[in-house]
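The values are calculated or read from the model by the stated rules, or taken from the named source; none is laboratory data. None of the values given here were measured: they were computed from a predicted structure. Here Cβ is always computed from backbone atoms with ideal geometry, including for glycine, and neighbour counts include all displayed protein chains.
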């Protein structure tokens, strides 16, 4: 494999390292909501931005 691919793979691993990712998510949620709910809200927010006019549909997914 080439050197660039190995470097990219290492970066991906360091970002998705459970300890770093979990700590960042806990900091973002501030223990107010579950991490899974926080992720769900973020995904739906992104979907609403990408799919204008479907806000009602995506809001229903949060219920």
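Identify all residues within the range 20-41 that are part of a helix (DSSP H, G or I) and over 16 Å from residue 61 (Cβ atoms); write none if there are none.
Answer for the range 20-41, where residues must be part of a helix (DSSP H, G or I) and over 16 Å from residue 61 (Cβ atoms): 20, 21, 22, 23, 24, 25, 26, 27, 28, 29, 35.
Within the range 46-55, does at least one residue satisfy the condition of being in a helix (DSSP H, G or I), within 11 Å of the chain's Cα centre (by Cα) and at pLDDT 85 or above?
yes
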